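Encoded as structure tokens, the structure appears first; notes follow it.
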């Protein structure tokens, strides 16, 4: 008896449809998972980018503020400017900047901070090395405009460099015109008047490299550190020696104060300069910055400065599947000039409190 092989049985239409449906569900699930994974990876990259920029910018400003107190209750710098010789705060805060100055492109609505600091080391961009700068007054000087300042050493000091002369309570600000000798040597200071807080520079008073930096957010959403010729808000473009972006994607900078005494002990707007004819108020108007909130008197009650920095990712959080963009973090309080307001970005807000009276000037 002959046996015949069974004829192979194929899929029925129903079985084929069920199989294809199952495969479609699996493939769709894998596609969604891969898209979510890629999106999550992009978000993490953007957040890492935001955190780096925020920490870099806030950290730079925080370091300068920590050095600005002169180690006393009233960090005051005496400077000879076009407005005369007068004591000025080591920290000057400008509130709610209106903007509108072509050579100082400050983002309207943000705050600005001017910080005077000093140290014993200076980065030399020509040699690419750190230059040591440290000396003390070798002989009493009663008028910086009338006689060279005798110092124990001129090592590291150079013409056009700024210095602070004086010990911890108050210090004088000046620009070096010429350097003579070595150890001891002399520094000729380019000032018109007596900058010494107590009328003279006493023997042993420290002489250190000095910097006046104005921190502000520009129209490109960069936190900028502008080095100043004089320690006040710039009233002309020539007073800005150099500008350096220290962080990108910074949408907002707000500064508050904690003051000594009574109900003013909480964080709030810093005290304003309200005296009519006040020099600092006049120069702030000339610079395009807004009402300065500290003067040589009110800074004595300043305990803590609180910095609030809102940072945005460079790129928006996009979706490759056509879904709406994903917003990560808090939204910005101020509109950006070159950013689509409908786009969503990764954002982070940093709030740092700095006790400006806890460290001495130039603690490096």
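For the reader, a short list of remarks on this structure follows.
- Among residues of the range 105-149, those that are surrounded by fewer than 24 Cβ atoms within 10 Å (Cβ to Cβ), within 26 Å of the chain's Cα centre (by Cα), part of a strand (DSSP E or B) and touching a residue at least 40 places away in the same chain (Cβ under 8 Å), counted: 4
Residue-wise test of (1) closer than 25 Å to residue 349 by Cα; (2) at pLDDT below 85; (3) surrounded by fewer than 24 Cβ atoms within 10 Å (Cβ to Cβ); (4) touching a strand residue (DSSP E or B) at 6+ places or on another chain (Cβ under 6 Å).
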| position | (1), (2), (3), (4) |
| --- | --- |
| 210 | no, no, no, yes |
| 218 | yes, no, yes, yes |
| 228 | no, no, yes, yes |
| 244 | yes, no, yes, yes |
| 248 | yes, yes, yes, yes |
| 258 | yes, yes, yes, yes |
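- So residue 76, is it in contact with a helix residue (DSSP H, G or I) (Cβ under 9 Å, 6 or more places away or on another chain) and either modelled with pLDDT of 80 or more or at positive phi (or both): no
- Scanning the range 74-99 for residues that are more than 22 Å from residue 201 (Cα to Cα) and not in a strand (DSSP E or B) yields a count of 7.
The rows are residues; the columns are (1) part of a strand (DSSP E or B); (2) surrounded by 16 or more Cβ atoms within 10 Å (Cβ to Cβ); (3) over 22 Å from the mean Cα position of the chain (by Cα).
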site	(1), (2), (3)
157	no, yes, yes
178	yes, no, yes
192	no, no, yes
197	no, yes, yes
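The values are calculated or read from the model by the stated rules, or taken from the named source; none is laboratory data. As the structure is a prediction and not an experimental result, all values here were calculated from the model. Note that each Cβ is placed from the backbone with ideal geometry, even for glycine, and that neighbours are counted across all protein chains shown.
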